[in-house]
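Down below is the structure, laid out as structure tokens.
Each reported figure results from applying straightforward, stated rules to the coordinates on display, with no laboratory input. Just so you know, these numbers come straight off a predicted model, no measurement behind them. Ideal geometry is used to build each Cβ from the backbone, glycine not excepted, and the neighbour counts take in all protein chains shown.
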Amino acid sequence: MRRFALPGAVLLALGGCTGGVQGKPGAAGLRDGLFPKLGNGGYDVEHYSLALDYDPARHHLTGSVTLTARATRDLSAFNLDFTGMDVTSATVGGERADADRAGDELTLRPADEIEKGAEFRTTVAYSGTPKTVTDQDDSHEGWLRTADGALALGEPAGSMAWFPSNNHPSDKATYDIKITVPRELKAVSNGELKSAVTAGGRTTFTWHTGEPMASYLATVVIGAYDVKESKTPSGLPVYTAVEAKLDSAAKKETADVVGRLPEIVEWAKENFGPYPFSSTGVIIAPEGSAEYALETQNRPVVPADQLTTETLAHELAHQWFGDSVTPKRWKDMWLNEGFATYAEWLWSEDHDGKSAQAHFDEAYAKPDDDNVWAFPPAEPPSAAVISDEPVYQRGAMVVHQIRRAVGDDTFYDIVRGWTKEHRHANASTEDFTRFVEEESGKDLTDLWDTWLYGDGKPKSP
Ligand code: TRP
Ligand code: ZN
């Protein structure tokens, strides 16, 4: 006699009667005002373990990611952000899970539902040619090819081009990233290099990031690089990788700027507080390989043609502002760029004699119709303008206004207090304005209304 097979829905209902979980699918986005589809609801990632194998000749990436995550509600299914390539297998808790793709969403439906509060592991294997992502402002990120390799940049969305993740800055996690490449190449990433093992003509580089990292700050850079390891005067490990094929003039200029990295880090510590991570460095990518530098955690990526001491100071300042204290939502990005730009002003004040006030005056002198006044720094009207002047220049002007309102001593206490209070965590604009008022004991409503939230050029500097 054949046993009667119950349809899945009935089995789920029975599960409910016997005290099992009654999950619903997790949300496909975190309702970020500017990027509603980024991130996913229903879980928090604690750790990503990535194994990647790249063949530059074929532009082919084979990857596998294992996420350790905690369910924040009963889940029948959950999403990851992922674009391009093919998913070849997916498991949850070691058991096969159904995988569905729609747009940039990968939906995994485990055989058994996940209970609220439970820690679970999911592994996704994938392969193919990773994509370059075009942002709403027409800039390019995600997977960028170079003559002999590639680099991966993820702000704001591009990480989903090379690994499935909960791709929103509010969900930070630790990472292990393992990358196998042809033996004549290097693979550089975040955190610390644990091993480099060559076998059968290929080298596997194993990188470990033990401090929480937002997915947009993860990177891998593959190619022929000159690597140097050293320590800053205070003993922080430095790992620098410079694109090997620069002509001799560019090589010298690059070496001069990169050589100042330990000094810049020590200078930034004086101003911003203890360095937030267990190593530092920089990756100088081939000329023209990316349109921007990016503050990838531990070691920023800077295309060789964009390297200046100010750019390096900017990207290293991001280690405090953005990488350690990370925005809760993308509209809070002025907290990254305003401070990183202000760091350039401070660097120049301390080294070239042009004061932060002079930088401010120069920016303020721009006419009413200049792009710097196009919108208030804390209210970017769309995803297409998050990297525009108001976020950077006017963001720095907000920081300068605070300094003028509270005086230098209180200003530096606030800056160091802020990086301490939210170290390795997330913070919003409201968290910041509240913090500044509490620490200074001043009501700064007018300053916020005028500089942070006000439309157009403020009437007086
Ligand atoms: N946030 C980067 C910086 O200030 C610049 C940037 C803007 C960027 N959009 C990007 C980097 C897209 C990479 C991809 O240093
Ligand atoms: Zn920046």
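Trypsin sites (Lys or Arg not before Pro), restricted to region 20-86: which are DSSP loop and have at most 13 other Cβ atoms within 10 Å? Intermediate values should be presented prior to the final figure.
Working: sites: Arg31, Lys37, Arg58, Arg70, Arg73; in loops: Arg31, Lys37, Arg58, Arg73.
Listed in order of number, the matching sites are Arg31, Arg58.
Hey, if you put +1 on the Cβ of every Lys and Arg and -1 on every Asp and Glu Cβ in the chain, which of Ala187, Ala290, Leu153 ends up farthest toward the positive end of that dipole?
Ranked along the dipole, the leading option is Ala187.
Toward the positive end of the charge dipole of the chain, about the Cα centre and with charges on Cβ (Lys, Arg +1; Asp, Glu -1), which of Ser230, Tyr126, Ala340 goes farthest?
Farthest towards the positive pole: Tyr126.
Using the Karplus equation 6.51 cos²θ - 1.76 cosθ + 1.60 (θ = phi - 60°), what ³J(HN,Hα) coupling, rounded to whole Hz, does each residue of region 237-243 give in order, writing x for Gly and Pro?
Residue by residue, region 237-243 yields x, 10, 10, 10, 10, 10, 2 Hz.
Hey, can you grab everything whose amide H is under 5 Å from the amide H of Glu211? Only 5+ residues off in sequence or another chain; H modelled, so Pro and N-termini drop out.
Under 5 Å from the amide H of Glu211: no residue qualifies.
For Glu115 and Thr450, calculate 0.36 nm times their separation in residues minus their Cα-Cα distance, and state this gained length in nm to one decimal.
On the way: separation 335, 0.36 × 335 = 120.60 nm, distance 4.72 nm.
In short, 115.9 nm is gained.
For region 89-158 and region 381-437, compute the distance between their C-alpha centroids and round to whole Å.
Each part reduced to its Cα centre gives a spacing of 32 Å.
Can you show me the helix-derived [θ] at 222 nm for the chain, built from DSSP H runs with n ≥ 4 at -39,500 (n - 2.57) apiece and divided by the number of residues, rounded to the nearest 500. Before the final figure, lay out the partial values.
Numbers: 9 runs with 107 residues, N = 461.
Helices in the chain give a 222 nm mean residue ellipticity of -7000 deg cm²/dmol.
Give me the lysines in straight-line cross-link reach of Lys269: C-alpha distance below 17 Å, same-chain residues under 8 apart excluded.
Lys231, Lys420
For region 2-223, what number of Lys pairs, 8 or more residues apart or on separate chains, have alpha-carbon atoms under 25 Å from each other?
14
Name the trypsin sites (Lys or Arg not before Pro) in region 384-461 that are in a loop by DSSP and that have at most 12 other C-beta atoms within 10 Å, would you? Present the calculation step by step, with values, prior to reporting the outcome.
Numbers: sites: Arg394, Arg403, Arg404, Arg416, Lys420, Arg423, Arg434, Lys442, Lys459; in loops: Arg423, Lys442, Lys459.
Within region 384-461, the qualifying trypsin sites (Lys or Arg not before Pro) (loop, at most 12 other Cβ atoms within 10 Å) are Lys459.
Suppose the chain between Ala102 and Lys194 were pulled fully straight at 0.36 nm per residue; how much longer would it get relative to their current alpha carbon spacing?
Values: separation 92, 0.36 × 92 = 33.12 nm, distance 3.66 nm.
Using 0.36 nm per residue and subtracting the Cα-Cα distance, I get 29.5 nm.
Relative to the Cα centre, what is the charge dipole magnitude of region 397-461, using +1 at the beta carbon of each Lys and Arg, -1 at the beta carbon of each Asp and Glu, and rounding to the nearest 20 debye? Working shown, then result.
On the way: 9 positive and 13 negative charges, 58 e Å.
The dipole of region 397-461 has a size of about 280 debye.
Got the relative contact order for region 243-319 handy, in percent, Cα pairs under 8 Å and 6 or more residues apart? Write down the numbers at each step before the final one.
Values: 90 pairs, mean separation 24.0, N = 77.
In percent, rounded to a whole number, it is 31.
Give me the percent relative contact order of region 326-452, please, defined on Cα pairs under 8 angstrom at least 6 residues apart.
Numbers: 125 pairs, mean separation 42.2, N = 127.
Computed over region 326-452, the figure is 33 percent.
Dipole magnitude of the chain about its Cα centre, charges +1 at Lys/Arg Cβ and -1 at Asp/Glu Cβ only, in debye to the nearest 20?
It comes to approximately 1960 debye.
Expected output is a single nm value to one decimal: the length gained when fully extending between Asp305 and Ala125, i.e. 0.36 nm times separation in residues minus the C-alpha distance. What is it? Please report the intermediate quantities before stating the final value.
Details: separation 180, 0.36 × 180 = 64.80 nm, distance 3.58 nm.
So the chain would gain 61.2 nm between Asp305 and Ala125.
Cβ under 9 Å from Glu105's Cβ, Glu105 left aside: what net charge do those residues give with Lys, Arg +1 and Asp, Glu -1? Can you show the working numbers first?
On the way: positive: Lys37, Arg101; negative: Asp81, Asp100, Asp104.
The answer is -1.
Of the options Gly407, Val325, Ser165, report the single residue whose Cα projects farthest towards the positive end of the charge dipole of the chain (beta-carbon charges: Lys, Arg +1; Asp, Glu -1).
Towards the positive end, the residue furthest out is Ser165.
By a straight-distance test (C-alpha under 17 Å), which lysines pair with Lys366 as possible cross-link partners, with residues fewer than eight away in the same chain excluded?
Qualifying lysines at Cα under 17 Å: Lys457, Lys459.
Quick query: amide H of Asp323 versus all other amide H atoms, modeled in the peptide plane; which residues come in under 5 Å with a sequence gap of 5 or more or a different chain?
Residues meeting the criterion, in which the H sits 1.01 Å from N, do not exist here.
Using r as the Cβ-Cβ distance of Asp86 and Thr132, and R0 as 25 Å, what FRET efficiency do you calculate, to the nearest 0.05?
Values: r = 17 Å, r/R0 = 0.70.
So the FRET efficiency works out to roughly 0.90.
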